[in-house]
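The values are calculated or read from the model by the stated rules, or taken from the named source; none is laboratory data. All values reported here derive from a predicted model rather than from experimental measurement. Cβ: placed from backbone, ideal geometry, glycine included. Neighbour counts: every protein chain shown. Protein only, heavy atoms only, side chains kept; ligands, DNA and RNA dropped before computing areas. Shrake-Rupley method; radii C 1.70, N 1.55, O 1.52, S 1.80 Å.
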Amino acid sequence: MQTFATLIDSVRDRLYRLALRMTGDGSEAEDVVQEVLIRGWQRQDEIVRLDNPPAWLLKMTHNRAIDLLRSRKTRSAYERAAAPDDACNLTPHRLVETEDTLFHIRRQMEKLPVDQRTVLQLREVEGMSYREITDVTGLKMEQVKVYLHRGRQRMRELLLKERIVDR
Amino acid sequence: MNHAQATELIERYFAGETTLEEERSLKAYFQSGDVAQELQTYAPLFAYWQQEASLTAPPRPVARRRRLPRWLLAAAAAVLLILTLQIVHRQQEPRVSNFPVAQRQPVDWSRYEITDEEEAMRFLKTVLKNTSENLTRGPEITIRELREVEQILD
């Protein structure tokens, strides 16, 4: 059984990545992780005895990020009215450059619904199984598979539509 | 993994039918750099997943121990030493309340009273002489200063 400090060292980056891609904001992601770690610290004896402590912490991160997004909803309605989304001004020529390509993919990822984005993040970036993803997100197995399939298709369409490499 | 296997796997990948192990193989294939021409379109996506996986949380702020300057530590030590020595010294001194308290005694002026007539006369003459000298000194000073004023005006 690992200590809580060791557990945190091994999982902190994963928590941050999930929070970052769910909230889309680095400082908010840090706040989310901080809150999760504090709550985890208070229940550390219980957590280190779990079968999969990282999954529990990821679930806490997911839930906290969802809370944050809900509380942000009202505020963002005003913000959208005041400052519409900035249009992607990348020219086809610039899309050839790798950095811009990755940036463009990220922008498309950010446009996905949060559940779909989260499932993609957990599967593609964190390499988690369907079962682990259902534990973290609370989604049903079928939902996870559908979101993953739709997310990948969306990315494929983007790549084929843009023909990034051919330009 | 050869190009044919990768081509077959990529279709299953987008259909959501690959296992974690197969996805790891596919990612390794795209990372190798030797990618079939017809699969180059998808290379940025796998590069993106790889880049995302390398993201790390910002380092936690380390609470550094603040050390006081040496001169301040030396001054504090000196003050502490002086205070300690004073306390020790005060403890060694007899307490003020242990000293005998001086008591006020009424003065017996009768012991200094002049009883001899000649002595009384000498005392009186001396007093009158001193008084006379002090009284005449005032006009002398006034006259001297008036002369100085006259000299200035002239």
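Data table
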| quantity | calculated |
| --- | --- |
| Protein accessible surface hidden between A and B, which excludes ligands and nucleic acids, total in Å², probe 1.4 Å | 2900 |
| Sum of -39500 (n - 2.57) over DSSP H runs of 4+, divided by residues of chain B (222 nm, nearest 500) | -21000 deg cm²/dmol |
| Net +/- balance of residues flanking A:E35 in space, Cβ distance below 12 Å, scoring K and R +1, D and E -1 | -2 |
| 11 Å beta-carbon shell around A:G24, net charge (K/R +1, D/E -1) | +3 |
| Residue-averaged beta-carbon neighbours from other chains (10 angstrom radius) around B:37-45 | 5 |
| Estimated dipole of the stretch A:1-83 in Debye, rounded to 20 [Cβ of Lys and Arg +1, of Asp and Glu -1, Cα centre] | 360 |
| Taking N as its residue count, the alpha carbon Rg of the stretch B:3-53 over 2.2 N^0.38 Å | 1.03 |
| Signed unit charges on C-beta, dipole axis of chain B, positive-most listed residue B:V35, B:G16, B:S110 | B:S110 |
| Dipole magnitude of the stretch B:114-153, debye to nearest 20 (Cβ charges: Lys/Arg +1, Asp/Glu -1, about Cα centre) | 140 |
| Accessible-area composition of the stretch A:1-83, carbon plus sulfur, in percent [1.4 Å probe] | 48 |
| Ranking by accessible area, most exposed first, for B:W71, A:W56 with a 1.4 Å probe | B:W71, A:W56 |
| Descending semi-axes in whole angstrom, ellipsoid equivalent of the stretch B:114-153, from the Cα gyration tensor | 39, 5, 4 |
| Pairwise FRET efficiency - A:V146 versus A:S27, Cβ, R0 = 45 Å, nearest 0.05 | 0.90 |
| Sequence-separation-based contact order of the stretch A:1-83, relative, with Cα cut under 8 Å and 6+ spacing, percent | 36 |
| FRET efficiency, A:D67 to A:R156 (Cβ-Cβ, R0 30 Å, nearest 0.05) | 0.40 |
| Gain in span if fully extended, B:A36 to B:L72, counting 0.36 nm per residue against the direct Cα distance | 5.9 nm |
| Set of lysines near A:K59 by C-alpha distance (under 23 Å), chain-local residues within fewer than 8 positions excluded | A:K73, A:K111, A:K140, A:K145 |
| Listed residues B:I87, B:M121, B:M1: farthest to the positive end of the dipole of chain B (Cβ charges) | B:M121 |
| Gaussian network model of chain B, springs between alpha carbon atoms under 10 Å - residue of B:P58, B:P139, B:P106 with greatest fluctuation | B:P139 |
| Unit charges on C-beta of K, R, D, E only; dipole of the stretch B:3-53, Debye | 140 |
| Å² per residue, accessible surface of the stretch B:114-153 at 1.4 Å | 100 |
| Where labels lie 7 Å past Cα in the beta-carbon direction, separation of B:K129 and B:T84 in nm | 6.9 |
| Estimated distance in nm for a label pair at B:H3 and B:T136, the labels positioned 7 Å out from Cα along Cα-to-Cβ | 14.3 |
